[in-house]
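Input: a single structure, listed below in structure tokens.
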2 protein chains.
Amino acid sequence: MQAVGVVVEYNPFHNGHAYHVQQAKKLTGANIVIAVMSGQFLQRGEPALVDKWSRTKMALASGVDLVIELPYVFSTAHAKQFAYGAISLLHAVGCKTFAFGSEDGRLQPFLDSFALIDRNRALYDALIKEYIATGISYPKALQQAYTTLQQQFPGAYIDLAKPNNILGFHYIEAAYSLNAEIQPVTITRIGAGYHDAIDEQSQIASATGIRQALFHKQTLQHVAQFVPSTTYQLLEEWQQTYKAFASWHAFWPFLRFAILRHTPEQLTMFPDVAEGIEHALIKHAKNARSFDDFMEKIKSKRYTWTRLQRILTHIYTGITKEQLHAHVTPSYIRLLGMTENGQRYLSIHKKHMTLPLISRVAAVQNTMLALDIQATTMYQQGLPCQTIHDDYNVPPIRK
Amino acid sequence: MQAVGVVVEYNPFHNGHAYHVQQAKKLTGANIVIAVMSGQFLQRGEPALVDKWSRTKMALASGVDLVIELPYVFSTAHAKQFAYGAISLLHAVGCKTFAFGSEDGRLQPFLDSFALIDRNRALYDALIKEYIATGISYPKALQQAYTTLQQQFPGAYIDLAKPNNILGFHYIEAAYSLNAEIQPVTITRIGAGYHDAIDEQSQIASATGIRQALFHKQTLQHVAQFVPSTTYQLLEEWQQTYKAFASWHAFWPFLRFAILRHTPEQLTMFPDVAEGIEHALIKHAKNARSFDDFMEKIKSKRYTWTRLQRILTHIYTGITKEQLHAHVTPSYIRLLGMTENGQRYLSIHKKHMTLPLISRVAAVQNTMLALDIQATTMYQQGLPCQTIHDDYNVPPIRK
């Protein structure tokens, strides 16, 4: 059995994801698809719309054979660390290939871009330092250094201003750091772009567009055409159980409570809280009328929306810099769910996996896993109705 | 102008309190009554029913001339520290006497009990140690040591098993530690006992009885006969604004969130969290169905209801052992409200006060005061409707 890996959030799983899964098999000749999926909190620093078990069910219903969890340490990190955690896990679980989405479906520009930076690392780092010294943000400095390199060594490179391209770049980088024992392929995205609103003539919408429709129109009917029927049913079930989808808007009273419970000094325990943002967080948490109002008050050129949301995720979960920095590389393969095929794959390949496979959390003591469990506990606290789904009592989903 | 002090929580202010204020004046010949009143969190480790400003208004309407705040450090402490903070403040604000309630209205048994322990301090301490070694709780050991002393030196002593007597005892102790520059008087309590339910034939009920009636019967009419009309109006206003009176029941989702956000190790930052209670707090916070259910699960002989509630107060407000232990003696007189007479008293006596008088919080930097401000912020978070009354924008109440 041959497995191809995909790196996903499935927030929620939609028709574009189903297409990606089919194409991943087709392009690589694999007969098993393994998704490494973010847990309760995502890379943009947000709670997932519905929890990891609902999202696992969506995936298993639409072509994915195994879902393993991308630990909190990586799922809420910046692109480089996120990609490193994800690709390392796909490698550990035995994938020989992984497939990621791109705008035009060509892999070469990604490889060339990575080679451009990798071969000129010293110059690149010097340029970044130079640009940071001018007072611009770190992401902006990276971007400028990259532009300068491209001018010196012309070629067909990818545009690293696009979030999906940044992720693709770091996937390649991670695969390279694993001695290329796992090979990338890329699949042309179809339909909507990353941030596009939904288009009623189409069957493909971005997850962002679908979430916006869910939050603003408040009815599931508006998104039915863009998602498989299982996704639709699971979203409906969630809505009936919890009344609302998870979001910062819903979690806001607790997020505010968490911020205000600390002194500014204590807030610097959390990653990236420095340079006075701790004072702004407290000041504006006190008088903001809503989460959006709060964000409008604290965001700046230096502290972008995503950067702030990642900070807020850690404050909300109570997971400190010290706890996060204690972990740099995945130490387990947490199984969230499997089809019958996925289960066969596991029984054949388990003995060759380079990390322990965890199906039952209660049997394991692991400080990185403890953060995933903590993230679930805190995610649950934000939900209006407290049906207790926790990492101890939910076994891997089977289909 | 001569001032008598009273130590109060006014949770809420009732007819028994009004009687105590009149008697305090009568017995001491004072023409000014100064109340040192707990802020948002109380000695039994609970949020006050209504905030400190509403309770100040109640007091000023019924015979109290000045209300000063008992800082959080003392208002949430055990009886000895609570009493020390309160009597020190009454002394600092210029009271020559203070009046406290007792069952039979005689001071001598209090003085004798204090003398019994004070003169036999070494024996008393040795007895306590001995009894603790048998495995009983600290309060129980105190009680037994006291009984043994009484057997050795017979006399007419107070019963230190009663909460109000314990407070009275520590008031005397505090006054003594201030070189008896402030003199105690005691006033017979009339009507209901500390924990008695309300009696519909009477006009006097305990604050505990009134709170129980408010929470269980949910209508203000049931308590109207026991409180002055201003109290009634203020309770009604509060109910209209906030929908609910503050209580652990109302604050429970946030309290649980606060507990679960920490590792067991982090919970030991908070006062009195040790000996494994940190694990029990997390375990039962996860699966308790309500605050009462939670308390039933964690309480024990060693961890009594009040002791646990004090722990929970600090976890809720986020105020750590380190922050509390940095403060042992009051460092300011925080004015919450005054009548015209109270104001005249202040202008005459201000220059002789031994601590700075604070009317406007924004003008002051004080780490003990910062905890009072923090307590208000966190108290507000638990309320369903967020009308912003904070220490920066509420000036002293005037009547």
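Here are the numbers:
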| quantity | calculated |
| --- | --- |
| From the C-alpha gyration tensor of the protein assembly as shown, square roots of 5λ in Å | 61, 27, 25 |
| At 7 Å out from Cα toward Cβ: B:ASP292 inter-copy label distances (nm, ascending) | 4.1 |
| 20 Å-binned pair-distance histogram of chain A (Cα, whole percent) | 27, 60, 13 |
| Net charge of neighbours whose Cβ lies under 10 Å from the Cβ of B:THR313, counting Lys and Arg as +1 and Asp and Glu as -1 | +1 |
| Mean accessible surface per residue for segment A:264-365, computed with a 1.4 Å probe while every protein chain stays in place, in Å² | 50 |
| Label point 7 Å beyond Cα along the C-beta direction, distances from A:ARG398 to other copies (nm, shortest first) | 7.6 |
| Tensor-based shape of segment B:299-399 (alpha-carbon gyration tensor, a/c under 1.5 rounded, otherwise prolate or oblate) | prolate |
| Mean shadow area of segment A:203-294 over all directions, Cα convex hull, nm² | 7.7 |
| Nearest-first distances (nm) between copies at B:ALA326, label 7 Å from Cα via Cβ | 2.6 |
| Net charge of Cβ neighbours under 11 Å - reference B:PHE254; Lys, Arg +1; Asp, Glu -1 | +4 |
| Largest-first principal axis extents, alpha carbons of segment B:79-231, Å | 53, 41, 25 |
| Loop-resident sites, segment A:250-341, for GluC sites (Glu not before Pro), counting at most 12 other Cβ within 10 Å (DSSP) | A:GLU275 |
| Coil-residue trypsin sites (Lys or Arg not before Pro) of segment A:207-262, DSSP, other Cβ within 10 Å capped at 11 | A:LYS243 |
| Per-residue mean of C-beta atoms belonging to partner chains within 10 Å, peptide B:262-268 | 2 |
| Size of segment A:1-119 as Cα extents on the principal axes (Å, biggest first) | 42, 32, 27 |
| Accessible area buried between chains A and B, both sides summed, probe 1.4 Å, in Å² to nearest 100 | 2100 |
| Above-threshold pairs, the threshold being 20 Å between Cα atoms, out of B:LYS217/B:LYS299; B:LYS140/B:LYS301; A:LYS129/A:LYS301; B:LYS140/B:LYS162 | B:LYS217/B:LYS299 |
| Peptide-level mean, for A:373-381, of C-beta atoms on other protein chains within 10 Å | 3 |
| In segment A:299-336, trypsin sites (Lys or Arg not before Pro) in a DSSP loop with at most 16 other beta-carbon atoms within 10 Å | A:LYS299, A:LYS301, A:ARG302 |
| Bridge type composition, chain B - antiparallel percent by DSSP, nearest 5 | 15 |
| Percent accessible area from carbon and sulfur atoms, chain A, protein chains only, probe 1.4 Å | 53 |
| Where segment A:16-86 is the region considered: accessible area per residue in Å², 1.4 Å probe | 23 |
| Aspartates and glutamates with Cα under 17 Å of B:LYS297, excluding same-chain neighbours fewer than 8 positions away | B:GLU275, B:GLU278 |
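The values are calculated or read from the model by the stated rules, or taken from the named source; none is laboratory data. All values derive from a computational prediction rather than experimental measurement. Here the Cβ is made from the backbone with ideal geometry for all residues, glycine too, and neighbour counts use every protein chain on show. The protein model used for the area step is the full one, side chains on, heavy atoms only, and it has no ligands, DNA or RNA in it. Shrake-Rupley method; radii C 1.70, N 1.55, O 1.52, S 1.80 Å.
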